[in-house]
Amino acid sequence: MKTPATPSLPLSILGTLAALAAPASADIVWTGAVSSDIFDEANWDLSNSTVTVIDPNVGIDDHVVIANAPAEVWIPDVSGQQRFQIGDGFTVTIDNSHVRGLGNDGLGGQPGASPGPLVTLKNGASFEAFFIVNGTHMVFEPGTHGVFNGGFVPINISTVDLAPSTYLHFTDETPTAYITEHLSKTTVQGVPAVVGGNINVIGDGGAGCFVTVIAPIGTNVCGPATTNSSFQSASISASGSDLVALDNLILKADGCPPNELGYFLCGQASGYLPGVGGSQGALCILGRIGRFAALVQSTGPNGELGLWVDNTALPVWPRHAVSPGETWVFQAWFADGASSNFTDALVVQFQ
């Protein structure tokens, strides 16, 4: 007995059915036509998308592009704790633009999402918010950075991937809190993050910390063996980037005595002046010297200091904005019992 043949459908009908079953996705594109409010539909080009509503905690089932925005894009401070919510499996591209949360809100996928949205920052972009949540995977390409203001698991059921010349700033997470809560959620170009291996985690002088990819910058001079006596290993290093336009050079001083006060210095000439101000060590900066005095901090239990360098306003008089090709010298001073001391110095040529 023959099996009845299955009737075939014209290709045009099959194509129509396929389109109905799996509608093609397009992009919604930021224009900023009327304001900086990310939840205002008038600020988006929705003409190629089926998306019509952009509201807090309402999923956007399409790809999102924020590129070359002339002003900051704001996640406004709305009632409660809300998020710019992206549908499961869709993408957000933040390209040469700056997205900033104004309150305790953030960005994320829909609850229970797997794998959740992919968010990529590129070409100097930045992202600042209280949190990311619900399966979000945020990728920082070289020259980008993120700021997380939340103090309770700001990377929540989510992950981040860093690259050289990137950094994260947690304004309310100590180094210990970051390591405990977020180290396992961090990779460096796909490789698990290891403190002291491919990332540094340092305090920011307040309640937070910086996470930077280890990429040695600058040349150490006036070595620690000649600059101090009781803490021979006290030394300064930098990570991030020495590119002027990126403005993300992070200084670190370690090997200092624990729980003492300290700060960083800068100038444009290196030298060797032992015993300055009664110090046990040597001042390794000559000429005009700037002191980051507003950022006096404690070395903490690990004997470390950390500083993000605002290269638009180095503390020499008058305030100085770094230009490409300039060479600057950085050093850290710290109290050392009844006396004081210096690290070695770091010479950085900005590009």
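Using only side-chain charges placed at the Cβ, +1 for Lys and Arg and -1 for Asp and Glu, the dipole size of the stretch 199-351 relative to its Cα centre rounds to 260 debye.
A dipole drawn for the stretch 23-213 from +1 and -1 charges on Cβ atoms has a positive end, and of Val139, Ala33, Thr186 the residue lying farthest that way is Thr186.
The slack in the chain from Ser323 to Thr219, taken as 0.36 nm per residue of separation less the alpha-carbon distance, amounts to 35.6 nm.
Note on the chain: with a GNM built from Cα contacts shorter than 10 Å, the maximum mean-square fluctuation among Pro142, Pro318, Pro216 falls on Pro318. What residue among Ser49, Ser237, Ser165 shows peak mean-square fluctuation when the chain is described by a Gaussian network model with Cα springs under 10 Å? In this elastic network of the chain, the residue with the biggest mean-square fluctuation among Ser49, Ser237, Ser165 is Ser49. Using Cβ point charges alone (K and R +1, D and E -1), the dipole size of the chain about the Cα centre works out to roughly 640 debye. Can you tell me what share of the DSSP beta bridges in the chain is antiparallel? A percent to the nearest 5 is fine. The antiparallel proportion sits near 50 percent. Only Cα pairs under 8 Å and at least 6 apart count here; give the relative contact order of the chain as a rounded whole percent. Dividing the mean separation by the residue count of the chain yields 10 percent.
Residues whose amide H lies under 5 Å from that of Asp88, counting only those 5 or more places away or on a different chain, are Gln110; hydrogens are built 1.01 Å from N in the peptide plane.
Near Arg83, the amide H atoms lying under 5 Å from its own belong to Asn57, Gly106; only residues 5 or more places off or on other chains count, and H is placed 1.01 Å from N. GNM on the chain, alpha-carbon springs under 10 angstrom: the most fluctuating residue among Leu162, Leu295, Leu283 is Leu295.
For volume of the Cα convex hull per residue in Å³, several values are listed as [x] 182; [y] 161; [z] 142; flag the one computed from this structure. Answer label, from the structure shown: [x]. Near Ser165, the amide H atoms lying under 5 Å from its own belong to Val213, Gly240; only residues 5 or more places off or on other chains count, and H is placed 1.01 Å from N.
Entry note, the stretch 144-207: relative contact order of 35 percent, from Cα contacts under 8 Å with a spacing of 6+ residues. The angle between the Cα long axis of helix 11-21 and the main principal axis of the chain comes to about 50°, on a 0 to 90 degree scale. Shown for the chain: cysteine residues without a partner Cβ closer than 4.7 Å, namely Cys209, Cys256, Cys266. Couplings for the stretch 323-334, taken from phi via the Karplus curve 6.51 cos²θ - 1.76 cosθ + 1.60 with θ = phi - 60°, read 10, x, x, 6, 10, 10, 10, 10, 8, 10, 10, 8 Hz in order; Gly and Pro are left as x.
Just so you know, all these numbers are worked out from the coordinates, no wet-lab data involved. As the structure is a prediction and not an experimental result, all values here were calculated from the model. For neighbour counting, all protein chains shown are included, and Cβ atoms are generated from backbone atoms with ideal geometry for every residue, glycine included.
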